[in-house]
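Please treat every number below as a calculation from the coordinates, not as lab data. Nothing here was measured: the structure is a model prediction, and the numbers come from that model. Cβ placement follows ideal geometry from the backbone for every residue including glycine, while neighbour counts extend to all protein chains displayed.
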Amino acid sequence: TPPADLRELKSASSWTDDREWIRYQQEKLFDEQPKLVESLPPLNPNDEVDVLVAGVGPAGLALAGALAKRGVNVGLVGPDTPFTNNYGVWLDEFKELGLEHTLEEVYDDSLVVVDSAVGTQPVGRAYGRVGRDLLRAE
């Protein structure tokens, strides 16, 4: 039986406003993650780029990095805040991107919980936990 607070139905309006959580995340300090402006030149209003990537999280930075390595002139737009969450990725995909060295942990297999009758099943695919500072530095 779930705990009492999970058995009670609540309306969506009773939950905390997401803006509070976003503000909390943006104010976290991660000294091991330098500001992007310390590593990359600023994008000026009259600059011309081949591709403009909106978002400077792990996906946006990985995309911009992969394009830049192929000679594409890339611009980035987004808030210069540290990565605050833990990110998990499929190992084979990060190897293909040349980002395996940014993983802090690698697990030989992943598990999925199907339901209480079937239980936990192996996925058959290696999984990794991204090092926030390593990926941001990349």
Give me the mean projected area, in nm² to one decimal, of the convex hull enclosing the Cα positions of segment 30-138.
8.4 nm²
For the residue pair residue 104 and residue 67, what label-to-label distance in nm results when each label sits 7 Å from Cα along the Cα-to-beta-carbon direction?
2.9 nm
Where the centroid of each part is defined by its Cα atoms, how far is segment 105-130 from segment 51-79 in Å?
30 Å
Net charge near residue 75 (other residues with Cβ under 10 Å of its Cβ; Lys, Arg +1; Asp, Glu -1) is -3
Can you list residues whose amide H is under 5 Å from residue 104's amide H, if they're 5+ apart or on another chain and H is modeled 1.01 Å from N?
129, 130, 131
